[in-house]
Amino acid sequence: MSHDSYPDAYIRGILNTVKTIAMVGISPKDNRPSYFAFKYLLDRGYNMIPVNPGQAGHEILGRKVYARLGDIPEPIDMVDVFRAAQYAPQIVAEALALKPRPQVIWMQLGVRNDEAAATAEAGGLKVVMNRCPKIEYGRLSSEISWMGVNSRTLTAKRANIFGRGVQRMSLARTTMTGGTTIDSAAAKSKGA
Amino acid sequence: MTERTPGFATLAVHAGAQPDPTTGARATPIYQTTSFVFDDVDHAASLFGLQTFGNIYTRIGNPTNAVLEERVAALEGGTAGLAVASGHAAQVVVMHVLMKPGDEFVASKKLYGGSINQFNHSFKNFGWNVVWADPDDIGTFERGITPKTKAIFIESIANPGGVITDIEAISAIAKRAGVPLIVDNTLATPYLCKPIEHGADVVVHSLTKFLGGHGNSIGGLIVDAGTFNWSREGRYPMLSQPRPEYNGIVLHETFGNFAFAIACRVLSLRDMGPALSPFNAFLILTGIETLPLRMARHCENTQAVAEWLAKHRKVAWVSYPGLPGDRYHNLAKKYAPNGAGAVFTFGLKGGYETGVKLVSNVKLFSHLANIGDTRSLIIHPASTTHKQLSDEQKTQAGAGPDVVRVSIGIEDKADIIGDLDQALEAA
Ligand SMILES: Cc1ncc(COP(=O)(O)O)c(C=O)c1O
């Protein structure tokens, strides 16, 4: 799997299958990107579990915080890594030790660790790096288009409303096989 | 599975648009409303806190405008766009995010005259100081850089036409200086030139011209290339510092490679206020659907008119980079290989009097001060837009007594040439 660019179908497949997401490194502060992403995904129906040793035992957005992945008492489908790239190998090791194993390791926008990715993939997990699941959800549902963002999707099919109010869209949207989520910085440095 | 990247003409028709989710309307609806109801209280709070995507109030965003924003961002190959009320508003909004009083930016002196005025006078009232550089002497850009420099500003094809700027050479200077390169791509449109591919970090447009293309709406647009690191050295605090007006969030860290477009929207457009009317956005979007067809025809006609004028006995010179002998011909081949645009100037041997007669004699050309219309347009700057200047100042501004500017339309080229022919004969 190339990690410079992901087909939309790959990202959509992941966001459509996973239900329980553990976010490692979530901040309790309501102005931090991790808090935004957590809140957004919670609002889109994902079962979100905060992981942060400093906050263990407290609650974030009404969800109980765990110190580490191994403490979570239910199976998780995806681990969202909101930590610097250097911590990724350790988080992947913890994820691989879980029973059952999660299906996906997702490293946040700005986080990329190819070694950790290779370990996870060798263990049968899917990997996404240097992306934000909130942005990808917004892109593939078309919500992010309201902000003038280039969603790199194209379609003659109607988008679908999520079901609560009208300003939330669902991932049940058909697009032309067109967009790939290109990491422009990576593409550029390769081209140069 | 390999996924196809849609081509330019497909993007021009489709990017950003989809059938309306609630009614199935296929054309982009004109959401002619000031405001949008919230789904619930928490949703409202999330919207105001920039925690979710959605619509609040048309000064900050509107679904019709959003289609236009995504359309142009896709055509330019950027990460996001922001529509504003005019090309000039786009320039104010961009600079408001980058500059503080006392800061400087280096700008090409070959720019649309209105931009020269805006930079020389209005911007100075904000304490944003322009340092002029000459695109024919690239070293002047490098020499214009100081520790206070926050940006470089150029036009890809410069109005009044005939000048092609060496974007890559100036981008290299911007990169060395650690400042973003802003390119006004109004005259070229992304059909002829994509500045981001040549190193632009921000692209601005007057949609009023070829993008809208029909002479019916004023509008402007900003495209974020997603290429600039706003957080390095903390020189762009609007992007890299916690924002007190948004509960301390840091825009660059929160929005990544489209943070500049978001900053333009939620700080600059929100507070300065030059929002685009959704009705204008609709008209401009309709125009963009035919951009590739129109630009090809504009350029074909312009090449023919320029070649014809170059041979005319009453014409002293023609400044069009599409002509083989032109000093910008090689740059045109590199940056605008599909045509050097549709705006250019030429000189009349008969000087001022002949210029006045020519613009009075034309019957198909419209005598007015715009460019980028389906219709062919003509102006004699010395007797109109630049009349108040001295002869010396006129010549310096490229508006000498003999100079005529045309913007060639998409009519039949025989009719365009025929009109100039009869008007020159009688001049
Ligand atoms: C190259 C260029 N940039 C900017 C502008 C300003 O655009 P607007 O008139 O939409 O404010 C113009 C208008 O003539 C222009 O030609």
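For B:Lys175, which aspartates and glutamates qualify as cross-link partners when the Cα separation must be under 19 Å and same-chain residues fewer than eight apart are set aside? Those aspartates and glutamates meeting the cut-off are B:Asp103, B:Glu104, B:Asp134, B:Asp137, B:Glu142, B:Glu155, B:Asp166, B:Asp184, B:Glu197, B:Asp201, B:Asp224, B:Glu233. Using C-alpha pairs under 8 Å with a sequence gap of at least 6, the mean separation divided by the residue count of chain B gives a relative contact order of 16 percent. Distances between every pair of Cα atoms in the protein assembly as shown, grouped in 10 Å steps from 0 to the bin holding the largest one, split as 3, 16, 25, 24, 16, 9, 4, 2, 0, 0 percent.
Looking at chain A, I'd like the Rg to Rh ratio, where Rg is from alpha-carbon atoms and Rh is Kirkwood's inverse mean 1/r. Don't skip to the answer; put the middle values down first.
Values: Rg = 16.4 Å, Rh = 17.2 Å.
Expressed as Rg/Rh, it is 0.96.
Calculation over all alpha carbon pairs of chain B in 10 angstrom steps from 0 returns a P(r) of 5, 22, 31, 25, 13, 4, 1, 0 percent.
In the stretch A:27-127, the inverse of the mean reciprocal separation of distinct Cα atoms equals 13.9 Å; this is its Kirkwood hydrodynamic radius.
Shielding by partners for peptide B:78-91, expressed as the average number of C-beta atoms from other protein chains within 10 Å of each residue's C-beta, is 2. Only lysines eight or more places from B:Lys314 in sequence, or on another chain, were considered; those with a Cα closer than 24 Å are B:Lys349, B:Lys357, B:Lys363, B:Lys387, B:Lys394, B:Lys413. Take every Cα pair under 8 Å whose residues are at least 6 apart in sequence, average their separation, divide by the length of chain A, and the relative contact order is 20 percent. These residues, B:Thr79, B:Thr384, A:Thr174, B:Thr23, go from largest to smallest accessible area, 1.4 Å probe, as B:Thr23, A:Thr174, B:Thr384, B:Thr79. Taking amide H atoms as placed 1.01 Å from N in the peptide plane, the amide H of B:Ala80 lies under 5 Å from those of A:Asn150, B:Asp224, each 5 or more residues away in sequence or on another chain.
Can you pull the mean other chain C-beta count within 10 Å for peptide A:30-40?
Numbers: counts 6, 11, 5, 7, 0, 3, 8, 2, 1, 5, 4.
Counting other chains' Cβ atoms within 10 Å and averaging over A:30-40 gives 5.
Both radii were evaluated on the Cα set of the stretch B:1-114; the Rg over Rh quotient, with Rh as the Kirkwood radius, amounts to 1.04. Against the criterion of solvent-accessible heavy-atom surface with a 1.4 angstrom probe, B:Trp317, B:Trp128, B:Trp308 sort, most first, into B:Trp317, B:Trp308, B:Trp128.
The values are calculated or read from the model by the stated rules, or taken from the named source; none is laboratory data. Keep in mind that this is a model prediction, so the values were computed, not measured. As a convention, Cβ positions derive from the backbone with ideal geometry for all residues, glycine included, and neighbour counts pool all protein chains shown. When the accessible area is computed, the model is the full protein with side chains, heavy atoms only, and any ligands, DNA or RNA have been set aside. Shrake-Rupley method; radii C 1.70, N 1.55, O 1.52, S 1.80 Å.
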